[in-house]
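Notes follow the structure.
The values are calculated or read from the model by the stated rules, or taken from the named source; none is laboratory data. Predicted, not measured: the structure shown is a model, and the values here were computed from it. Methodologically, a virtual Cβ is constructed for each residue, glycine included, from the backbone with ideal geometry; neighbour enumeration extends over all protein chains shown.
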Amino acid sequence: MRTFLLFLIVVFCFGAGSFSQAKITGIKAKLFYNEMKTGNPKDVSGNFSPNVIDNQEFALWNTIIGEGSAEGYSNQTIVIVEISAKGMSNKDQTLKLTAKSGKKTLTQQQNFSCVDCAKPYKVLFILNETGCEKVSLKAELLNNNKVVSTLNKSIDFECGE
């Protein structure tokens, strides 16, 4: 009986507990500036903006033509979702990102494992055709199809004359 009780304590502390503490700790987004440096369409290089979510110093006005705070034209956005956990979790997990803009809804998901989620683990998504309409983001961390953590953010794009 004592051995069985000890076994249950070990399973609870080191097994189920490590994943249940996993949570989404942040969402960042960066514009991708896609520019041809040489004029050859096969030689494309580019760079990224700073984080634009909750960044009051970055104006997201007409980014598709390089206005506002954009350093160049951009119609692609990289979304970076950060996940942390107390302890370790190498179990398969699913991160689902839903992006809504106007009448469009895009849902992407990725399965992943992280060995040391005590350090922020980052999962990347790319959104195409961004830059004029506000994008509402909802990130969901799932375990066995059950949502264990959610975080909502928005990217406040605007366009006009």
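Side notes on the structure shown:
- Residue in segment 57-76 that is in contact with a Lys or Arg (Cβ under 7 Å, 6 or more places away or on another chain) and under 23 Å from GLY160 (Cβ atoms) present: no
- Candidate set from segment 48-82 (those that are hydroxyl-bearing (Ser, Thr, Tyr) and in contact with a helix residue (DSSP H, G or I) (Cβ under 7 Å, 6 or more places away or on another chain)); member that is modelled with the highest pLDDT: SER74
- Test: residue in segment 94-103 that is under 20 Å from LYS30 (Cβ atoms) and surrounded by fewer than 16 Cβ atoms within 10 Å (Cβ to Cβ): yes
- Filter pass, VAL148 being β-branched (Val, Ile, Thr), surrounded by 20 or more Cβ atoms within 10 Å (Cβ to Cβ) and part of a strand (DSSP E or B): no
- Residue satisfying condition, being part of a loop (DSSP other than H, G, I, E, B), surrounded by fewer than 17 Cβ atoms within 10 Å (Cβ to Cβ) and not hydroxyl-bearing (Ser, Thr, Tyr), within set GLY160, GLY131: GLY160
- The numbered conditions (1) closer than 27 Å to PHE58 by Cβ; (2) at pLDDT below 95; (3) exposed (fewer than 12 other Cβ atoms within 10 Å of the Cβ) are all true for THR107 except (2).
- Of all residues in segment 116-128, those being closer than 30 Å to GLY102 by Cβ and part of a loop (DSSP other than H, G, I, E, B) number 0.
- Any hit, segment 83-93, residues being farther than 19 Å from LYS28 by Cβ, more than 13 Å from the chain's Cα centre (by Cα) and at pLDDT 90 or above: no
- Members of segment 67-102 that are touching a residue at least 12 places away in the same chain (Cβ under 8 Å) and either at positive phi or part of a loop (DSSP other than H, G, I, E, B) (or both): SER69, ALA70, GLU71, GLY72, TYR73, SER74, ASN75, ALA85, LYS86, GLY87, MET88, GLY102
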